[in-house]
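**Student:** I am attaching a structure below and will ask some questions about it afterwards.
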Amino acid sequence: MKIAVRCLTVILLLVLSSLGAIAHQDLTGQKCIVIPHAIQAPVLKGDLSDPAWRSGVIVNDFVSISAKSPVTQQTQARLLWDSKYLYIGVLCSETDLNGMRHVSNKHDGRVWQDDCIEILLDTANAHRTCFHIMANCIGTIADERSIDSDRTDTEWNSACRVKTGRIRGAWTLELALPFSSLGFTPTPGLTWGINICRARVAGAREFSSWSPSPGGFVQPQSFGHAVFGDGNGKWSGIQLLSWGSLSQDVALGLKNVVECSIPNKGSAPATFNVRMDDKVGIKNISITQKKVTVDAGKAIDLDIPYKPSGAPNEVFTLSISKNKAEVFRASHPSTYVPHTSRVWELKDPLFSELLSKTPPGDQKDGTIYWFHNGISYKLRPYALEYGVRYSLEEQYKELAQRRFMPITQRGSLNDPYLMKMADKYEFKVLYQPDYRSSRDAGVPVIDGLPYILDPRSKAAYFNDLRSTLEDHSKYIWGIYTQDEVHEKAIKQGVMFFEQMKDTYPYIREVDEQVRSQFGFGKYGIPTSLNDTNPYRWIAYHKWVNRQLLNWQKDTFEMTRRIAPEVKVISVDPVAGHNPFELDGYTPYVDIATHQLYPSANPNRQEFGFVTKFVADLVNKPVWPCAHVENYAYSTTPEEVRELMSQVMRNGGKGFHLYIPDVRGNSADKCDTLLTKYGCPERYRAIEEILATTYKMNEVLIPKDPDCAMFYSDDHFQSFAAPDLTYPNEPEYAYTFLGPVARTWFKIVNDNMIADGRAKLSTYKALFVPAAKYQRPAVIAALDNYVKNGGTLICGDPEAFSWNTNGSSLESVRIKLAGAFCSKVSKQRYLTFQSSCPLKSLRGRRLPVMADAFDLKPAAEVEVLARFDDGHPAIIRNHVGRGSVIFFAFNPFNESAIGDNNWKDAFRALCSDLGLKTNRDIWRFKFPPFKTVYRPDLQENCLTGNYIKWSQEQPLDLNNIAIPGKYSYSLPPDAVSDRGDPAGISFTTGKLTDRRRAPTVAKSELRPEDFSVTWKQEKPADLTFDLAGSYAVDKINLWYSGQLPSLAVYGSTDGTSWNLLSNNPKQTTTQDVLNISLSWKPQQNIRYVRLCLGDRDPGQTMTLAEVEIWSKK
């Protein structure tokens, strides 16, 4: 439906609105408002007390984005505008003001993780791009320009003024957005797409929005509409409904067409001159002019096409005049968003030079694989709707061809068809034993799952493992221990204890075990997921870790006893570092796995960090689950190459793949289900990298680390982490040591240091990113390391403050660090002393990008750097034959790793410490692709229904808009087509409507709406009238059921026909298959006829899509 049709209805509704009016809905259900022009601008106070707010249009009735239903904490906003600002005042009802999260206090920080308001403005109203402004409850701003939440320009600065406050039962936000930051000033009658959203973190999490936004906030196609009105909050004049795309983007549905509505409120017909200018600087790129006459009392909807040049500084202006007087004028810059790097850029790559003489290990056998393409009950309907090929047997065949080893459970492994395919194509599976039958034994359930650490769940798991190994071991390559098991166990235990401790005896036993075994007799299970007592969390984490380590041990030993040839793969934690004491898994796994998640930050190598984290702690081959699918964002092939290369340059051996369309699954529409459908070039990139991995010799990983990084499980176990993500200082330390300085180091943890496995004496330097809570045995080992000549670099000003039993370590800490650490202060810069013994750092001035502490060093302690106010910023304390370098702020933060001054400083620090830098391992990268990129088709699709999928976006390429029609000699009798069988338009017929599928809500998709079916078995002809003469050379056809013999004929006049190609009768199938017939055209033709023969008795035929192609 055209925007103009919708918004004309908006005008009729909103002309009647008055000051302080609330939002309305148009006839399609879209929310709409008119924003009043402020008579007097509100003064921002943070409490909505200024009288000017009363005249703002009210936006309320927020709904959950996951379900179009009310939320427990409502939100109301008021909007006004003047010549300089858009004003938005928000009242957020909140019953737990003290529980609100407001961690982010720096511009462009992680505001979205706090209690915050998000404002999204589609100023072109093309349902594609938007400005995105986030403000948390203390007024911290993060802002960006975005396209579908995927490509972003974080350099854009909204320059918003913000004030926040609290009143009884609510928090408030007032914001003024200067139009200068958008590059234009609105005019009355301009329409924007708009949404106001809220992330509530206090209490139960809620994500709500004014306009329903399934799948997330950044969904421009789901925004409501806002019209800029006059001082009375009304508008009945000319309305600019949409600017169109304002770019060269070729995504399906985007048009470079301005849509406007021009009313004539006079008593006689009126003529309007409409002009569209496209300029870059002072240079006119194009000028489009139209003259239209509007009858008295009527309005017309006008479309004005244009062709952008693609220049980022392009500006478009629409002006409308009547009787030579200008009555409307509006401008908008191009919506072009520059492509910015989202992954680490490696400028000096090496490949073959970094391969050892060691042949590939178990990775030559294949890849751990989540077999989403085997879900035929979803994919067969999808194939009919989207007009794509899907064959279940081909998916099994591909498992063997690509060496994908699918993860299965008992139900799948008992499927005779799977075993038939496994025998036929000779692939093996990974088996994940199932514990869920324990619910039948009475184990309590939360979120559909029984408590995994209940002994009855463990018994169910091992009964399943035992019987499966005994019955099916010939099909099993490995045991996949369990997915995200730590996360399930941690959350479940706390929730059961909070909700059922009086009725569930075993959870009380767990609490006693936690107290007695790890809680020093006083710390048990945390009281809730938001419990902030660090000692309860430490004790509880350690108990869970011990249970799951024993689980892994039992899995390994049972597998070795029953089927010793079967590999054992570790548990699979969620992405990021986790304090799960992974060093204990070494004896009990053949392969370690762990999820990896891309951050879209080019200053990070997050895939590399987690791979090295696991490889160093577990010391077994690592095959991580590289989430390169459309999950965090839609990755490009080159981004995939870098991300998967990070795995190998950090000690990874093989891969674990999960490649459905994750974001599509949560979206309202355009779910492509699989990477191979939504982004074929990414799928080919993955295939090529895997093929290389299977055959290449192993990467030559250095064996001589000369420094180490200490990962404190004790410390990170202290956090209440409802979402099980932890502060990221270890990754930032990794970044400086590895990708930046290119040293080679070892990651060691508390257990390895305490029991001596870490061999600290072999390292020149040991870096400590964070360790506020620490057991004394580890500190004693660190003290001994320093006394014997080691250098300890401590980035955490609060390191070694508390014992895990809750007692203070202040005296030990002061002795090691050489300073007393007091209150937090704000500092901006530090300067290294001219006498600093680290000569390469002398005189350097660096920004301070984290909270600082006041250090009071002992007299003999050296001050290496001072803040601008003279306080010590970095000190060095000599202990025995070694020293401790201690920071008054933590340099291991996300801002610092993106700062070139800090990068240079860490390179210099590592050099001055005598560490070997610039090691070549950090240059490893898979070679450039050979098979990934394919040229666009050099043909025209005459039926107008071709889609090229790229980055999960449907691209409108190669289609010609012609007024073609097709007809049936025998209309489909089981599922009919749309319209008259004697002449169905290409734009409406089911056989040529593939482009409609991505625009239909998933809840409304039905295969029968995109296909036709014959039950009667008689021959049938389909005749296509191309409404013109073309050099037709190919047809493509998608079908299910039985496709009979097919003959293709062509004609110039619809009377005389020539045979072009034919195809024999096909075997009946449940799948959706396709055929492609091509020929060398002898002449141009107008008509194409498909003559379908008779089918076998009782066989139906379904046609999903037909394409007809010609040479360009």
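**Student:** Report, by residue number, each residue of region 219-233 that is modelled with pLDDT under 90 and part of a loop (DSSP other than H, G, I, E, B).
**Tutor:** Q219, G231, N232, G233
**Student:** Within the group S822, S895, which residue is surrounded by fewer than 20 Cβ atoms within 10 Å (Cβ to Cβ), of a type in the set (S, T, Y), modelled with pLDDT under 95 and not in a helix (DSSP H, G or I)?
**Tutor:** S822
**Student:** Sort out which residues of region 570-621 are among the charged types (D, E, K, R) and part of a loop (DSSP other than H, G, I, E, B), and write them in order of number.
**Tutor:** Result: E581, D590, R604, K620.
**Student:** Could you check, for region 171-188, whether at least one of its residues is closer than 22 Å to E259 by Cβ, assigned by TED's automatic domain parsing to the domain that holds Y85 and in contact with a Gly (Cβ under 7 Å, 6 or more places away or on another chain)?
**Tutor:** Within region 171-188 (the criterion being closer than 22 Å to E259 by Cβ, assigned by TED's automatic domain parsing to the domain that holds Y85 and in contact with a Gly (Cβ under 7 Å, 6 or more places away or on another chain)), the answer is yes, since at least one residue qualifies.
**Student:** Taking region 1056-1112 on its own, how many of its residues are in a strand (DSSP E or B) and touching a residue at least 60 places away in the same chain (Cβ under 8 Å)?
**Tutor:** The qualifying residues number 24.
**Student:** Moving on. Condition test on L346, is it closer than 19 Å to G608 by Cα and over 28 Å from the mean Cα position of the chain (by Cα)?
**Tutor:** no
**Student:** Sort out which residues of region 652-669 are free of Cβ contacts under 8 Å to residues at least 60 places away in the same chain and crowded, with 21+ Cβ neighbours inside 10 Å, and write them in order of number.
**Tutor:** Residue satisfying the conditions is G652 alone.
**Student:** Moving to a separate point now. Considering each of V445, V494, V514 in turn, give the residue that is without any contact (Cβ under 8 Å) to a residue 60 or more places away in the chain and touching a Gly at 6+ places or on another chain (Cβ under 9 Å).
**Tutor:** Testing whether each residue is without any contact (Cβ under 8 Å) to a residue 60 or more places away in the chain and touching a Gly at 6+ places or on another chain (Cβ under 9 Å) leaves just V514.
**Student:** Shifting gears a bit: Pick out the one residue from F609, F580 that is aromatic (F, W, Y), closer than 21 Å to S341 by Cα and surrounded by 23 or more Cβ atoms within 10 Å (Cβ to Cβ).
**Tutor:** F609 is the lone residue from the list that is aromatic (F, W, Y), closer than 21 Å to S341 by Cα and surrounded by 23 or more Cβ atoms within 10 Å (Cβ to Cβ).
**Student:** Still on this structure, please answer the following. Considering every residue within region 452-459, establish whether at least one is under 32 Å from the mean Cα position of the chain (by Cα) and either in a strand (DSSP E or B) or at pLDDT below 95 (or both).
**Tutor:** No, region 452-459 has no match at all.
**Student:** Moving on. Which of the residues spanning region 369-391 are surrounded by 19 or more Cβ atoms within 10 Å (Cβ to Cβ) and out of contact with any Pro (no Cβ under 9 Å at 6 or more places or on another chain)?
**Tutor:** Of everything in region 369-391, those that are surrounded by 19 or more Cβ atoms within 10 Å (Cβ to Cβ) and out of contact with any Pro (no Cβ under 9 Å at 6 or more places or on another chain) turn out to be L379, G387, V388, Y390, S391.
**Student:** While we're here: Pick out the one residue from F497, F462 that is surrounded by 21 or more Cβ atoms within 10 Å (Cβ to Cβ) and in a helix (DSSP H, G or I).
**Tutor:** Result: F497 is the single residue among F497, F462 that is surrounded by 21 or more Cβ atoms within 10 Å (Cβ to Cβ) and in a helix (DSSP H, G or I).
**Student:** Please go through region 361-384 and pick out each residue that is out of contact with any strand residue (DSSP E or B) (no Cβ under 8 Å at 6 or more places or on another chain), assigned to a helix (DSSP H, G or I) and closer than 26 Å to R994 by Cβ.
**Tutor:** Of everything in region 361-384, those that are out of contact with any strand residue (DSSP E or B) (no Cβ under 8 Å at 6 or more places or on another chain), assigned to a helix (DSSP H, G or I) and closer than 26 Å to R994 by Cβ turn out to be Y377, K378, P381.
**Student:** Related question: Does Q1066 count as of a type in the set (S, T, N, Q), in the same structural domain as A1031 (by TED's automatic domain parsing) and at pLDDT 95 or above?
**Tutor:** Criteria met by Q1066.
**Student:** On to the next question. Looking for whichever is farther than 26 Å from Y1030 by Cα, of a type in the set (S, T, N, Q), modelled with pLDDT under 95 and within 34 Å of the chain's Cα centre (by Cα) here; the options are Q938, Q953. Which one fits?
**Tutor:** Only one candidate passes the filter, namely Q953.
**Student:** Follow-up question, since we're still on this one. Among the residues of region 969-990, is there at least one that is polar (S, T, N, Q) and in contact with a Ser or Thr (Cβ under 6 Å, 6 or more places away or on another chain)?
**Tutor:** The answer is no; no qualifying residue exists.
**Student:** Identify, please: which residue in region 523-574 is touching a strand residue (DSSP E or B) at 6+ places or on another chain (Cβ under 6 Å) and of a type in the set (A, V, I, L, M, F, W, C) and is, among those, nearest to A459 (Cα to Cα)?
**Tutor:** Step by step, filter region 523-574, then rank; the result is F556.
**Student:** Can you name the number of the only condition in (1) under 19 Å from E729 (Cβ atoms); (2) modelled with pLDDT of 95 or more; (3) not aromatic (F, W, Y) that P602 fails?
**Tutor:** P602 satisfies every listed condition except (1).
Conditions tested, residue by residue: (1) part of a loop (DSSP other than H, G, I, E, B); (2) touching a Pro at 6+ places or on another chain (Cβ under 9 Å); (3) surrounded by fewer than 24 Cβ atoms within 10 Å (Cβ to Cβ).
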site: A771; (1), (2), (3): yes, no, no
site: A781; (1), (2), (3): no, no, yes
site: V786; (1), (2), (3): no, no, yes
site: L792; (1), (2), (3): no, no, no
site: E798; (1), (2), (3): yes, no, yes
site: G806; (1), (2), (3): yes, yes, yes
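**Student:** Considering region 465-479 alone, what residues qualify as being closer than 25 Å to V544 by Cα and assigned to a helix (DSSP H, G or I)?
**Tutor:** Residues satisfying the conditions are L465, R466.
**Student:** Does P680 satisfy the criteria of being modelled with pLDDT of 95 or more, within 29 Å of A383 (Cβ to Cβ) and within 17 Å of the chain's Cα centre (by Cα)?
**Tutor:** no
**Student:** Residue check: is G448 of a type in the set (G, A, S) and out of contact with any Lys or Arg (no Cβ under 6 Å at 6 or more places or on another chain)?
**Tutor:** yes
**Student:** State all residues of region 862-878 that are surrounded by fewer than 17 Cβ atoms within 10 Å (Cβ to Cβ) and assigned to a strand (DSSP E or B); if no residue qualifies, say none.
**Tutor:** Result: H878, single match.
**Student:** Out of all the residues in region 1086-1105, is one or more within 25 Å of Q938 (Cβ to Cβ) and of a type in the set (D, E)?
**Tutor:** Yes; the residues of region 1086-1105 include at least one that is within 25 Å of Q938 (Cβ to Cβ) and of a type in the set (D, E).
**Student:** Could you grab me the full set of residues in region 346-360 that are small (G, A, S) and either part of a loop (DSSP other than H, G, I, E, B) or touching a His at 6+ places or on another chain (Cβ under 6 Å) (or both)?
**Tutor:** Residue satisfying the conditions is S356 alone.
**Student:** Say whether the condition of being in contact with a strand residue (DSSP E or B) (Cβ under 6 Å, 6 or more places away or on another chain), outside any strand (DSSP E or B) and surrounded by fewer than 18 Cβ atoms within 10 Å (Cβ to Cβ) is met by at least one residue in region 410-433.
**Tutor:** Scanning region 410-433 turns up no residue that is in contact with a strand residue (DSSP E or B) (Cβ under 6 Å, 6 or more places away or on another chain), outside any strand (DSSP E or B) and surrounded by fewer than 18 Cβ atoms within 10 Å (Cβ to Cβ).
**Student:** Return yes or no: is P954 in contact (Cβ under 8 Å) with a residue 60 or more places away in the chain and surrounded by fewer than 17 Cβ atoms within 10 Å (Cβ to Cβ)?
**Tutor:** Judged against the criteria, P954 is not a match.
**Student:** Tell me the residue from D723, D713 that is surrounded by fewer than 18 Cβ atoms within 10 Å (Cβ to Cβ) and assigned by TED's automatic domain parsing to the domain that holds R907, please.
**Tutor:** Just one listed residue meets the conditions, D723.
**Student:** Report whether or not N945 is surrounded by 16 or more Cβ atoms within 10 Å (Cβ to Cβ), in contact with a strand residue (DSSP E or B) (Cβ under 9 Å, 6 or more places away or on another chain), part of a strand (DSSP E or B) and in contact (Cβ under 8 Å) with a residue 24 or more places away in the chain.
**Tutor:** No: the conditions fail for N945.
**Student:** Can I ask one more? Conditions: (1) touching a Pro at 6+ places or on another chain (Cβ under 8 Å); (2) assigned to a loop (DSSP other than H, G, I, E, B). I921 meets all but one. Number of the miss?
**Tutor:** Against the list (1) touching a Pro at 6+ places or on another chain (Cβ under 8 Å); (2) assigned to a loop (DSSP other than H, G, I, E, B), I921 comes up short only on (2).
The values are calculated or read from the model by the stated rules, or taken from the named source; none is laboratory data. Since the model is a prediction, treat every value here as computed from it, not as a measurement. Please note: Cβ atoms are built from the backbone with ideal geometry, for glycine as well, and neighbour counts cover all protein chains shown.
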